[in-house]
1. Go through segment 53-80 and give me each residue that's among the acidic types (Asp, Glu) and within 14 Å of the chain's Cα centre (by Cα).
2. Please work out which one of (1) closer than 26 Å to residue 101 by Cα; (2) exposed (fewer than 12 other Cβ atoms within 10 Å of the Cβ) is the condition residue 73 fails and give its number.
3. With the structure loaded, tell me whether residue 65 is within 22 Å of residue 25 (Cα to Cα), surrounded by fewer than 18 Cβ atoms within 10 Å (Cβ to Cβ), in contact with a Lys or Arg (Cβ under 9 Å, 6 or more places away or on another chain) and of a type in the set (Asp, Glu) or whether it fails that test.
4. On the given criteria, is residue 61 of a type in the set (Asp, Glu) and either assigned to a loop (DSSP other than H, G, I, E, B) or at pLDDT below 95 (or both)?
5. Hey, does segment 3-16 have a residue that's in a loop (DSSP other than H, G, I, E, B) and loosely packed, with under 13 Cβ neighbours inside 10 Å?
6. I want to confirm something. Restricting to segment 23-55 and keeping residues that are in contact (Cβ under 8 Å) with a residue 12 or more places away in the chain, small (Gly, Ala, Ser) and exposed (fewer than 15 other Cβ atoms within 10 Å of the Cβ), which single residue is nearest to residue 87 (Cα to Cα)?
Amino acid sequence: MASSKEYLDFILEQLSGLEEITYRAMMGEYILYYRGKIIGGIYDDRLLVKPVKSAAALMPDATFELPYEGAKEMLLVDDVDNRDFLAELFSTMYDELPMPKKKR
């Protein structure tokens, strides 16, 4: 099942307090970037983020879910209605995320 554009728009609105939030459509889903780094994505109308230590610390009860068959598990963000929480989550995760790979 693909994610809806409406859910993407909702998440982007929730993240509108942060600068440099971008996305890329990928096979019916959306990869989310924060300041140039992949932070997670929207898969089947679920916000999933990379399972870095800071994200796990902020969401100790979060469940690990597969974004799609054969992928690595990611953390499900349940509290998508809380703008302040989402801003804190993304800001806290940023330093732990790897830099994008250089294109040849």
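The values are calculated or read from the model by the stated rules, or taken from the named source; none is laboratory data. All figures in this text were calculated on a predicted structure; none of them were measured in a lab. Here the Cβ positions follow ideal geometry from the backbone for every residue, glycine too, while neighbour counts run over all protein chains shown.
1. As a first pass, look at segment 53-80 and keep what is among the acidic types (Asp, Glu): 61, 65, 69, 73, 78-79.
Hits for segment 53-80 are 65, 73, 78, 79.
2. Only one criterion is unmet by residue 73, namely (2).
3. On the way: within 22 Å of residue 25 (Cα to Cα): yes; surrounded by fewer than 18 Cβ atoms within 10 Å (Cβ to Cβ): yes; in contact with a Lys or Arg (Cβ under 9 Å, 6 or more places away or on another chain): yes; of a type in the set (Asp, Glu): yes.
Here the answer is yes, as residue 65 does meet what is asked.
4. Working: of a type in the set (Asp, Glu): yes; either assigned to a loop (DSSP other than H, G, I, E, B) or at pLDDT below 95 (or both): yes.
Yes, satisfied.
5. Taking segment 3-16 and keeping what is in a loop (DSSP other than H, G, I, E, B), we get 3-4, 15-16.
Retained after the next criterion (residues that are loosely packed, with under 13 Cβ neighbours inside 10 Å): 16.
Yes, segment 3-16 contains a residue that is in a loop (DSSP other than H, G, I, E, B) and loosely packed, with under 13 Cβ neighbours inside 10 Å.
6. It comes out as 36.
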